[in-house]
Amino acid sequence: MKLLKLFVFSSICLSGLFLSTSTAWAHGERSLEPFVRMRTVQWYDVNWSASTVAVNDELTITGKVHVAEDWPNSLPKPEAAYLGVIAPGPVFLRKERWINGEAHLNSLPLKVGRDYEFKMKLKARIPGRYHIHPSFNIIDTGNVAGPGQWVEITGNANAFTNNVETVKGEMINLETYGTANGVRWHMLWMILGIAWLVWWVRRPLFIPRYAMVNKGEEDKLVTPKDKNLAKAILVAVPVIVLSGYFVTNSQYPETIPLQASLDLIPPLPEQADLVNAKIKRATYNIPQRSMMMMVEIKNDSQKTLQIGEFTTGSVRFINSNMNIDASHTPPEYLATNGMQIEPNDLIHPGEAKVVKIMASDAVWEIEHLSSVIGDADSRFGGLLFLFDDQGNRYLSSISASLIPEYK
Amino acid sequence: MSTISVSTGFDKETATVSRIYDYLILVLAGFLYIGSYHLHFMLTVGDWDFWLDWKDRQYWPLVTPVLMIAWPAAVQSVLWTHFRLPMGATLSVVGLMLGMWITRVTAYQIWTNYPLNFVLPATMIPSALVLDAILMLSPSFLVTAIAGGASFALLFYPTNWPIFAMFHVPIEWQGGLQTIADQFGFEYLRAGMPEYLRIIERGTLRTYGQMAAPLSAFFAALLCILVYAAGWYIGKAFATVRYLKRV
């Protein structure tokens, strides 16, 4: 009785536990080590064309990445990379992908220190609300996620179509193409396989056969009928296989092997090195969730500049004294009031100035970037954006060792 | 009463109990084979069988039969040596196919929304039928290893071509050439499966007058002979009752 009560009580507790759980929507985007997210591909200007789309409608993701100069020593150089989308499965389909205006069908090598501009056109397939990230899979490094945005797909999944045209002009629907043919062949072989099993299973199996084998009467266990059937199999199966092969070849005479090439897409043209930013010292205060950088900035341009933004690991720290458009960035990646600059002055042409930049926000913890101080390679990296009075942007990639402050 | 029961001298009641035991073992062994062979298959062949855009003419016909034949060989060894049942290979592969279809439909199509055609499995039932037939007719381990092992590999590609040829029809996309299978890989999102991970079309086999598939198949045939022998002896080693002596 006690056991029964214990069982019922445990069952109720377990049921409550299961009922109280919520669906997990994350994709592990904060799990990749911070030094990878900060010092491999650095995302900026990422934009989603809509936050709600109907089934069959298009969502375009655009943006840029800078491939960090201070690429971690523990990672091989990005000889193959693949611009992807992190989503809960094929809820969207990727219909087009462009890098620097060129088609990006396969993987491509990235050049360290250079920038790439991307565009992906996705087609909505399964209704629901999904967190959609652009990402760069990099060989032997992992999947480096960019910022993510919630996108809602409305409508009816059954209305989805996905037609493509072959080079011979035949229009096919990828959702169903070849399914019935595949199922038919599988069923044919499954029926023949099961028939062979039934042929043997219909007779007594284990104990009597084992006894007869032990008595030396194994020859009685395989009858002439069995042998004839086996001979028929040895003839019929290869005949069916080869007939299927040759008939298929005549049905599809023009086939090609799977394509496996590397796209060679040059990076964006290199910008003149007009702003040089060098970190003299950087610390991260753990209780205050605050990074401090002493940065020496030399303005080699002809314009007067001002620091506008520091971005790292998709998080944007913005100088609130400046009018910088952050409307396309999901709020969880924005630290609008988290950036303090001392002195928050203009940097004149030819001037070199040491500036103290504070980047403070809970987002360091939320995005698991603060754990960079626990990495074996406890350096951080990011992009510093400076602007002239006409709104032109000057990008400087920065990186340095990060000293932790524990109180 | 069957000739087998008569030969063993079983009375009617013993024969009935023996038959119930047969079905009990069959059901248990069926689940065991489906589960364990499927696990073995997923961990070894894995992506080559999961996805359309991994089924190339070089690695797919090499990797799949070579990694698949050990299990049927081991089961054949047990069922043939102790029971004279020439159905070990077919039993294993039919079990595997059942397991694969269950997962392709539930885990891939229903659960994660991939269309079934993108995750169609390859079939090896014809290879298994021939392997069983050769064992029964020879009836020799050596002949089965050489003739059966080689047939097992050589039949694989032509068996599956009728299912997958239509996915090798070319299309033009964004100015580039793709097969329909490549297009599936491009369009249907897989966050953990970048294109560069595909182990396809590498090496120099295709320089032999583009005859990569037959060369791969013959190399697979050679390896299958060796792996079959290993699988047979693994089955033999595990088909023992010595651990039950003290029960």
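Every number in this text was worked out from the coordinates using simple rules, so none of it is lab data. Computed from a predicted model, the values in this text were never measured in an experiment. Don't worry about glycine lacking a Cβ; one is built from the backbone with ideal geometry, like all the others, and counts go over all protein chains shown.
A straight chain from A:V354 to A:I191 at 0.36 nm per residue would run longer than the Cα-Cα distance by 50.8 nm. Each listed q (0.07, 0.10, 0.11 Å⁻¹) maps to a log10 I(q)/I(0) for the protein assembly as shown from the Debye sum over equal C-alpha point scatterers, namely -0.62, -0.99, -1.09. Spin-label pair A:R184-B:Y23: with each label point 7 Å from Cα along the Cα-Cβ axis, the two points sit 3.6 nm from one another.
Each label point was placed 7 Å from the Cα along the Cα-to-Cβ direction; for A:S250 and B:A230 their separation is 4.2 nm. Relative contact order of the range A:231-382, taken over Cα pairs closer than 8 Å and 6 or more residues apart, is 22 percent.
Taking other residues whose beta carbon is less than 13 angstrom from the beta carbon of B:D132, and scoring Lys, Arg as +1 and Asp, Glu as -1, yields +2.
Look at the Cα gyration tensor of the range A:215-291: its axes a ≥ b ≥ c give a/c of at least 1.5 with a/b at or below b/c, and that counts as oblate. Compute a Gaussian network model of chain A, connecting alpha carbons closer than 10 Å, and tell me which residue from A:G28, A:G101, A:G16 fluctuates the most. Looking only at A:G28, A:G101, A:G16, the biggest GNM fluctuation is shown by A:G16. Comparing A:L229, A:L264, A:L395 in a Gaussian network model of chain A (Cα springs below 10 Å), the most mobile by mean-square fluctuation is A:L229.
In terms of surrounding Cβ atoms within a 10 Å radius of their Cβ, B:R57, B:R19 rank from fewest to most as B:R19, B:R57.
Scalar couplings 3J(HN,Hα) for the range B:115-128, obtained by applying the Karplus form with A = 6.51, B = -1.76, C = 1.60 to θ = phi - 60°, are x, 4, 5, 6, 10, 4, x, 7, 10, 10, 4, x, 4, 5 Hz; x denotes Gly and Pro. Listing B:E187, A:E332 from fewest to most neighbouring C-beta atoms within 10 Å gives A:E332, B:E187. Farthest towards the positive end of the charge dipole of the range A:275-405, among the residues A:A400, A:M322, A:N337, is the Cα of A:A400, using unit charges on the Cβ of Lys, Arg, Asp and Glu.
Counting Lys and Arg as +1 and Asp and Glu as -1 over every other residue whose Cβ lies under 11 Å from the Cβ of A:T166, the net charge comes to -3.
Which of the listed residues, A:L122, A:V295, A:M171, is farthest toward the dipole's positive end in chain A, when Lys, Arg count +1 and Asp, Glu count -1 at the beta-carbon? Working it through, the farthest residue towards the positive pole turns out to be A:M171. Here the calculated FRET efficiency for A:T336 and A:D273, from their Cβ-Cβ distance with R0 = 35 Å, stands at 0.75, rounded to the nearest 0.05.
Where both partners of a DSSP beta bridge lie in the protein assembly as shown, what percent of those bridges are antiparallel, to the nearest 5? Here the share of antiparallel DSSP bridges comes out near 90 percent.
Taking 21 Å as the straight-line reach from the Cα of A:K303, the lysines in range (excluding those fewer than 8 positions away in the same chain) are A:K278, A:K353. For A:A326, neighbours were defined as the other residues whose beta-carbon sits under 9 Å from its Cβ, and their charges (Lys and Arg +1, Asp and Glu -1) total -1.
Hey, how many Å between the Cα centroid of the range A:375-403 and the Cα centroid of the range A:240-279? Spelled out, the Cα-based centre of one part sits 34 Å from the other. Quick one: pull the percentage of alpha-carbon pairs in the range A:29-163 with a separation above 23 Å. Percent of Cα pairs beyond 23 Å in the range A:29-163: 34. Is the C-alpha gyration tensor of the range A:275-405 telling us rounded, prolate or oblate? Criteria: a/c under 1.5 is rounded; beyond that, a/b larger than b/c is prolate, otherwise oblate. Cα axes put the range A:275-405 in the oblate bin. For chain A, the relative contact order is 18 percent, taking Cα pairs closer than 8 Å that sit 6 or more residues apart in sequence and dividing their mean separation by the residue count.
Set the Förster distance to 41 Å, then compute FRET efficiency between A:S401 and A:L346 from the Cβ-Cβ distance, nearest 0.05. That gives a FRET efficiency of 0.90.
Among B:G175, B:G46, B:G95, the largest mean-square fluctuation in a Gaussian network model of chain B (Cα springs under 10 Å) belongs to B:G175. Taking 0.36 nm per residue of separation and subtracting the Cα-Cα distance, full extension of the segment from A:S10 to A:E165 would add 50.1 nm.
Here r is the Cβ-Cβ distance between A:A54 and A:E217 and R0 is 60 Å; the resulting FRET efficiency, rounded to 0.05, is 0.25. What you get for chain A, charging only the Cβ of Lys and Arg (+1) and of Asp and Glu (-1), is a dipole of about 2080 debye around the Cα centre. Neighbour counts of C-beta atoms inside 10 Å place A:Y210, A:Y44 in the sequence A:Y210, A:Y44, starting with the fewest. Centroid-to-centroid, using Cα positions, the range B:191-247 and the range A:106-142 are 34 Å apart.
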